[in-house]
Each structure stands twice: as structure tokens, then as C-alpha cells.
Amino acid sequence: MLIAHNLSKTYAGGETPVPALRDVSFSVPAGECIALVGPSGCGKSTLLHLCGAMDRATSGRLVFEGRDLAALDDEALTLVRRDRVGFVFQFFNLLPTLTLADNIMLPALLSGSSEREAAAWASALAERVGIAHRLGHYPQQVSGGELQRAAIARALVHRPALLIADEPTGNLDSAMSLEIMTLLSGLNTERGITIIMVTHEPDMARFAKRIVNFRDGRIEQAGHAKEMVG
């Protein structure tokens, strides 16, 4: 699904250019769940943003479903994000003026689904993630765990090929974190959804099938999760 060839990213906004990624090469088969781990500033979030077509590499190639993202213009990248990628963020990013149902439906509507289709799929996903009884509530009326469940349903409502999760449990307590990771792992296993996530927590990384350790913008180690975290 995703192949990176000598991928590099340098931020040049200040007086001194800051290299975030240095010649990173790796691949993500369809249906895999990968955890990117490492200390803050090591490049893992930068790689996540590149994989989700949210940013452009400085050099190298990133091929997503057979298309070189570097060769796409901004409009084409927007369509990749809209139609092929789902996003789950640490702070949920739900719109406070919309109910959970409307928040979940929104990406499907933007992708061209009818309101009836979007509502039906949103309802089915809400049932799957355990918040069907909360669909009429607003974000400020539900718990953090329920907000993240809604965010996961929203990320899946347009049937993306790839789910990008940036610290999906970073704003939750340990018990709720385990519930969310169990949910994501189940979606990966049951539905074959490809997941790339960033996490600082070894207990969360163990839910992935493969772990990629980053340090100083490079891949330091990669392997099966069971071998790397026990």
C-alpha cells in the first residue's frame, strides 16, 4: 500500500535548517498495523504526516497505492486525504457545534455520499465503537473515551484505505487507553484496515503487528511487536 524510498524532510523556516527525517525507507503492506515509536523530536510524527499526504517530503519518494505523492499537485493531495485516508488525533478535533452523529457523517458527505448513506454508515460505525447511545449528544456532553470513539468512527465513515492515528491515547487515562487500542486492533483484524500510529507508550505499541523505532530522524530498529516489546 505504501512504500517510502530514501524519504527526507527538512524544515527551513529558521536560521538553521532542521532535518526531521533522513533517508527513511520502509513499506507498509495492506492490512498491517504499524506503531511508530521513539523520543520526542525523532521524526515519527513527521513521517506520519507525510504518509497521510498532510505534508510534502523534501526529497525521496513516497508511493501510496501506486501513486508517487510528490508528483501530485495540492488539489490531488487533498483528494487523497479526503477519499483514501482517515485521521485520528490526540485531541479528537471534533466540531463542538455538531452532534456526534453529524461529526461522524461529515467526511462521508464531503466525499460525495448522500445524507441517507452517510447517516446509515455513521450509525453502523457508532454501534461498532460503542457510542450508538450518544449520537445525539454534543462533544462537550460526553467523556474523553467517547470522544475518541467518535473520532475513530469519523475517520472510518468514508471507507479509507489507510487510518493515520497520531497519539490516539495520549489524552486518555490508562484504562480508557487500553479500550481504545483494543478497539483499533479489532478494527485492523476484523476489517483489514491498514493503520499507522504514533505512540510514546510501549503498552500501546504492543497492540500493533510491527513496531518501527525512530531516533534522530532515522529508523533505528523495526520488527514484529511481540519480538520487540514481549
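Considering (1) surrounded by fewer than 23 Cβ atoms within 10 Å (Cβ to Cβ); (2) in contact with a helix residue (DSSP H, G or I) (Cβ under 7 Å, 6 or more places away or on another chain), say which one Arg154 fails and leave the rest.
Status for Arg154: all satisfied but (1).
Which of the following residues is part of a helix (DSSP H, G or I) and either without any contact (Cβ under 8 Å) to a residue 60 or more places away in the chain or within 17 Å of the chain's Cα centre (by Cα) (or both): Leu98, Leu62, Leu109, Leu94?
Leu109
Is it true that Asn171 is over 22 Å from Ser113 (Cβ atoms) and within 14 Å of the chain's Cα centre (by Cα)? Please lay out each step first, then the result.
Working: over 22 Å from Ser113 (Cβ atoms): yes; within 14 Å of the chain's Cα centre (by Cα): no.
Taking the combined requirement at face value, the residue does not satisfy it.
Taking only the stretch 194-210 into account, find how many residues are touching a Pro at 6+ places or on another chain (Cβ under 9 Å) and either among the β-branched types (Val, Ile, Thr) or more than 20 Å from Gly170 (Cα to Cα) (or both). It would help to see each step written out before you state the result.
Filtering the stretch 194-210 for residues touching a Pro at 6+ places or on another chain (Cβ under 9 Å) gives 194, 197-200, 204.
Subset that is either among the β-branched types (Val, Ile, Thr) or more than 20 Å from Gly170 (Cα to Cα) (or both): 194, 198-199.
Of the residues in that region, 3 qualify.
I need the full set of residues from the stretch 88-112 which are surrounded by 19 or more Cβ atoms within 10 Å (Cβ to Cβ) and in contact with a Pro (Cβ under 9 Å, 6 or more places away or on another chain), in order please.
Of everything in the stretch 88-112, those that are surrounded by 19 or more Cβ atoms within 10 Å (Cβ to Cβ) and in contact with a Pro (Cβ under 9 Å, 6 or more places away or on another chain) turn out to be Val88, Phe92, Leu94, Leu100, Asn103, Pro107.
Taking the residues in the stretch 182-197 that are closer than 16 Å to Ser27 by Cα and surrounded by fewer than 24 Cβ atoms within 10 Å (Cβ to Cβ) as candidates, determine which candidate is modelled with the highest pLDDT.
Only one residue fits best here, namely Thr194.
Name the residues in the stretch 199-230 that are part of a strand (DSSP E or B), more than 9 Å from Gly38 (Cα to Cα) and not charged (D, E, K, R), would you?
Hits for the stretch 199-230 are Ile211, Ile219, Gln221, Ala222, Gly223, His224.
Taking interchain pairs and intrachain pairs at least six residues apart, which have beta carbon atoms under 7 angstrom, with the first residue in the stretch 30-48 and at pLDDT 90 or above and the second of a type in the set (S, T, N, Q) and outside any loop (DSSP other than H, G, I, E, B)?
The qualifying pairs are Ala30/Thr194; Gly31/Thr194; Glu32/Thr194; Cys33/Ser185; Cys33/Asn188; Val37/Asn213.
Which of (1) outside any helix (DSSP H, G or I); (2) closer than 23 Å to Val37 by Cβ; (3) of a type outside the set (Val, Ile, Thr); (4) touching a residue at least 60 places away in the same chain (Cβ under 8 Å) is the odd one out, the single condition Leu172 does not satisfy?
Among (1) outside any helix (DSSP H, G or I); (2) closer than 23 Å to Val37 by Cβ; (3) of a type outside the set (Val, Ile, Thr); (4) touching a residue at least 60 places away in the same chain (Cβ under 8 Å), Leu172 violates only (4).
Are any residues in the stretch 114-165 of a type in the set (Val, Ile, Thr) and not in a helix (DSSP H, G or I), and if so, which ones?
The answer is Ile131, Val142, Val157, Ile164.
The values are calculated or read from the model by the stated rules, or taken from the named source; none is laboratory data. Everything quoted here is computed from the prediction, not taken from an experiment. As a convention, Cβ positions derive from the backbone with ideal geometry for all residues, glycine included, and neighbour counts pool all protein chains shown.
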